[in-house]
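Below is one structure, written out as structure tokens, with a few remarks after it.
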Amino acid sequence: MIYFDNAATTSVNKQVLDAYYDLCLKYYGNASSNHAYGLESSRLLSYAREQILKLFGLEKTHQLVFTSGATEANNLAIKGVALAYKNRGKHLITTSIEHPSVLNAFKQLEEEFGFEVTYLPVNEDGVVRIEDLEKAMRNDTVLVSIMATNNETGSINDIKAIRKVIDNYPKCFFHSDTTQAITKLDIDYNLLDMFIASAHKVHGLKGSGMLIIKNNIKPLALLSGGGQENNLRSGTSDVPKDVVLAKTIRLALDNQKQSFNYVKKINDYLREELSKIEEVVINSPHDASPYILNFSLREHKASVIVEGLSLKGIMVSTISACSSKRNEKSHVLVAMDKDIRLASNPIRLSFDESNTLLEAQEFIKVLKELLAITK
């Protein structure tokens, strides 16, 4: 099997899985219990939290909230901050290319809680224009949420330039969906007030994630209960899963540079070969994350080609895993001003260090065969 759908999910690192298994057997005490066994679980949880913050150089400035993944982390950051600081203002800013877990959180704030949301457009490369952000900022803007790397095209936003604009508005917080960037791209995380990660995107466990947030920010908790996670996320802590998140992040960061360079060679090869196919339009900009390569077909139906590839043992996706089964057009490509045919017909390839150049060559071979057969 050739697996080119790593932006949707990745295989679990065996070291992570083995550690999780051992922890499940040994440390199953409730971290909220006052007995020795519970206190030991609590100590492990605190140590994992400290280790992750230390990996990003944020141990003195930020706190970490363990979550069930990126969706919960984004919702806690966006809705939690907007609702907690609504007295400062009810104007929010995000972009037209965000993941559904961000866009739908803003839509709920708009429709149910009376917030005003500005959805920034993007340029033809899928990147926010800084001048558009500057024009959108207001004195009552309390939150800006702009993703670091787009999950469909891999386009990369300029975090440093965005931060510079927001710094002129001291009442405003900066959140970024870093799901597709964390442990893959070099980012100065000190520039972010809030950012997130999902373990299963970086060879960790599904149902595991985190929100890292500056110490001075106090979001409204979305879950009421026993007050776990510093009163920000109630519910019995999954100690083994939270603890191995630290190992997952460390292993990925240790391999970041090597993985980036390796994956870029695969991406470069595929970009060159795809550009030779007449009906292919490459949507990912040249300076996009090398982990993602998005293209559209002018004539063939992408879903048919994706199914044909799957039958040949090659796994790719259309749009993103959160939208592909609804057979809808890509809101990201629409925002990039692609015509409806192209926006409705994308194929996304996404890679990691387990992929090979031979797999990329086989993909191109099979793709050409399918395009010829289905004419």
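The values are calculated or read from the model by the stated rules, or taken from the named source; none is laboratory data. What you are looking at is a predicted structure, and each value in this text was computed from that prediction instead of being measured. Note that each Cβ is placed from the backbone with ideal geometry, even for glycine, and that neighbours are counted across all protein chains shown. These area figures cover heavy atoms from the full protein model, side chains too; ligands, DNA and RNA do not enter into them. Shrake-Rupley method; radii C 1.70, N 1.55, O 1.52, S 1.80 Å.
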Note to self: On C-alpha positions alone, give me the angle between the axis of helix 100-113 and the longest principal axis of the chain, in degrees, nearest 10.
What the structure shows: 60 degrees
Notebook entry, point to check: Using a Förster distance of 51 Å, how high is the FRET efficiency between HIS35 and ASN168, based on the Cβ-Cβ distance and rounded to 0.05?
Noted result: 0.50
Check: Can you run phi through the Karplus equation (6.51, -1.76, 1.60; θ = phi - 60°) for segment 182-188 and list ³J(HN,Hα) in whole Hz, with x for Gly and Pro?
Finding: 5, 6, 10, 10, 7, 10, 7
Note to self: Give me the dipole magnitude in Debye, nearest 20, for the chain about the Cα centre, with unit charges on the beta carbon: positive for Lys and Arg, negative for Asp and Glu.
What the structure shows: 560 debye
Check: Hey, what's the Cα Rg ratio for the chain versus the globular rule of thumb, 2.2 N^0.38 Å?
Finding: 1.01
Notebook entry, point to check: What ranking do 299-305, 189-195 get when scored by the average of other Cβ atoms within 10 Å per residue, highest first?
Noted result: 189-195, 299-305
Next item on the list: Would you work out what percent of the accessible area of segment 144-233, with all protein chains in place, is carbon or sulfur (probe 1.4 Å)?
Entry: 48 percent
Next item on the list: Treating only the Cβ atoms of Lys and Arg (+1) and Asp and Glu (-1) as charged, compute the dipole magnitude of segment 260-375 about its Cα centre; round to the nearest 20 debye.
Entry: 320 debye
Next item on the list: Quick one: among GLY209, GLY69, GLY57, which has the greatest mean-square fluctuation in a GNM of the chain with alpha-carbon springs under 10 angstrom?
Entry: GLY57
Next item on the list: Among GLU307, GLU40, GLU131, determine the one that fluctuates most according to a GNM of the chain built with springs between C-alpha atoms less than 10 Å apart.
Entry: GLU131
Notebook entry, point to check: Under a 5 Å amide H to amide H cut-off, with H placed in plane at 1.01 Å, what residues pair with ASN283 once short-range neighbours are removed?
Noted result: ASN294, PHE295, SER296
Item checked: For segment 216-375, radius of gyration divided by Kirkwood radius, i.e. Rg to Rh on alpha-carbons -> 1.09
Next item on the list: Could you pull the accessible area for THR236 with a 1.4 Å probe, rounded to 10 Å²?
Entry: 100 Å²
Item checked: Using a Förster distance of 30 Å, the FRET efficiency for LEU357-ASP125 (Cβ separation, nearest 0.05) -> 0.70
Check: When all C-alpha to C-alpha distances in segment 1-146 are sorted into bins of 10 Å, what percent of pairs does each bin hold, rounded to whole numbers?
Finding: 9, 25, 29, 22, 13, 2
Item checked: Accessible heavy-atom area order of TYR291, TYR262, TYR169, highest first, probe of 1.4 Å -> TYR262, TYR169, TYR291
Next item on the list: With θ set to phi - 60°, apply the Karplus curve 6.51 cos²θ - 1.76 cosθ + 1.60 along segment 189-195 and write out the HN-Hα couplings as whole Hz, x wherever there is a Gly or Pro.
Entry: 6, 5, 6, 9, 6, 8, 8
Margin query: Only four residue types carry charge here, +1 at the Cβ of Lys and Arg and -1 at the Cβ of Asp and Glu. Report the dipole size of segment 1-121 about the Cα centre in Debye, rounded to the nearest 20.
Written below: 380 debye
Note to self: Please compute the Kirkwood hydrodynamic radius of segment 40-119 from all pairs of different C-alpha atoms, in Å with one decimal.
What the structure shows: 14.5 Å
Margin query: Over segment 90-151, what portion of Cα pair distances is larger than 14 Å, expressed as a whole percent?
Written below: 53 percent
Next item on the list: For segment 132-210, list log₁₀ I(q)/I(0) at each q in 0.18, 0.19, 0.21, 0.25 Å⁻¹, using the Debye formula over Cα point scatterers of equal strength and ignoring solvent, two decimals each.
Entry: -0.75, -0.82, -0.95, -1.20
Item checked: Reciprocal of mean inverse Cα separation for segment 72-121 (Kirkwood radius, Å) -> 10.8 Å
Margin query: Report the Cα-based extents of segment 237-321 along its three principal axes, largest first, to the nearest Å.
Written below: 50, 26, 21
